[in-house]
Amino acid sequence: MVVRWRPIRPHVRSIREAVIVDLDPLSEAADATLAARAADGDVHAFEMLARRHGPLMRVYSAKLLGSDIESDDVVQESFLTGWRQIAELDSPAHVRNWLMRIVTRKAIDRIRVRRDHDDIDQVNPPAHESRSPEKIVETRLQLDAVWEALDRLPADQRRCWLLRETAGYSYQEISDALEIPVSTVRGLLARARRFVLHEMEAWR
């Protein structure tokens, strides 16, 4: 089985493709349902998880790696790993966090390879029907502002922030992943948080 993640922009999808997705009974299924079905070997259920969470995984890994091209490869590798291991997932309801952990490990592996070779120190959530168009636009603008702020951070600060705030890593896990002391992690994270808070002041 091969899961292919293709970052397709909505405006370039054909009308026929859009209708097929909208009519798919699994398109509205909960993550837990899709994950449970995928664990039983349902390829289509896993493909729906890939459609649902692929965009966030791509943006997140691109910020970690600093490369859109590499992020596509990392997301593809993550879905292949996810498909092979999903039967081992203890809590199907937490499949998104589980996928984010996988893509984080894949991205960190790439960063380590870069260091070894080069010796050098880069979503929108589904909108609830009850939310007003104005609120949806505001949320998207806030997300854009966060990503723009992260883009202006030094790479080491950005990685610490993403691992802590998005992937939920502990200080020790970040230390192990980036191979830096915990004290350095705390310092980098503190500076990153101050900068992001300052940049987001207008949204308070």
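Within the stretch 79-97, the residues that satisfy the criterion of being surrounded by 20 or more Cβ atoms within 10 Å (Cβ to Cβ) and in contact with a Gly (Cβ under 9 Å, 6 or more places away or on another chain) are Phe79, Val95. Within the stretch 176-204, the residues that satisfy the criterion of being buried (at least 19 other Cβ atoms within 10 Å of the Cβ) and either under 16 Å from Arg105 (Cα atoms) or touching a Ser or Thr at 6+ places or on another chain (Cβ under 7 Å) (or both) are Ala177, Leu178, Val185.
For every residue, the table says whether it meets (1) in a helix (DSSP H, G or I); (2) among the aliphatic types (A, V, I, L, M); (3) modelled with pLDDT under 85.
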{"site": "Ser130", "(1), (2), (3)": "no, no, yes"}
{"site": "Thr139", "(1), (2), (3)": "yes, no, yes"}
{"site": "Ala145", "(1), (2), (3)": "yes, yes, yes"}
{"site": "Leu153", "(1), (2), (3)": "no, yes, no"}
{"site": "Arg158", "(1), (2), (3)": "yes, no, no"}
{"site": "Ala177", "(1), (2), (3)": "yes, yes, yes"}
{"site": "Gly187", "(1), (2), (3)": "yes, no, no"}
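Looking across the stretch 111-126 at every residue that is out of contact with any Leu (no Cβ under 6 Å at 6 or more places or on another chain) and either surrounded by 13 or more Cβ atoms within 10 Å (Cβ to Cβ) or in a helix (DSSP H, G or I) (or both), the one that is modelled with the lowest pLDDT is identified as Asp118. In the stretch 91-111, the residues that are more than 14 Å from Tyr169 (Cβ to Cβ) reach residues that are assigned to a helix (DSSP H, G or I) and hydroxyl-bearing (Ser, Thr, Tyr) with C-beta atoms within less than 7 angstrom, at least six apart or across chains, in these pairs: Leu99/Ser78; Lys106/Ser78.
Under the condition of being within 17 Å of Leu99 (Cα to Cα), at pLDDT below 90 and surrounded by fewer than 19 Cβ atoms within 10 Å (Cβ to Cβ), the residues counted in the stretch 4-45 number 3.
Just one of the listed residues (Met100, Met48) is hydrophobic (A, V, I, L, M, F, W, C), modelled with pLDDT under 90 and not assigned by TED's automatic domain parsing to the domain that holds Ile180, namely Met100. For the stretch 61-70, a residue qualifies if it is buried (at least 23 other Cβ atoms within 10 Å of the Cβ) and at pLDDT 85 or above, and exactly one does: Ser61.
The values are calculated or read from the model by the stated rules, or taken from the named source; none is laboratory data. On a predicted model such as this, the values are computed, not experimentally measured, just so you know. Backbone-built Cβ (ideal geometry, glycine too); neighbour counts: all protein chains shown.
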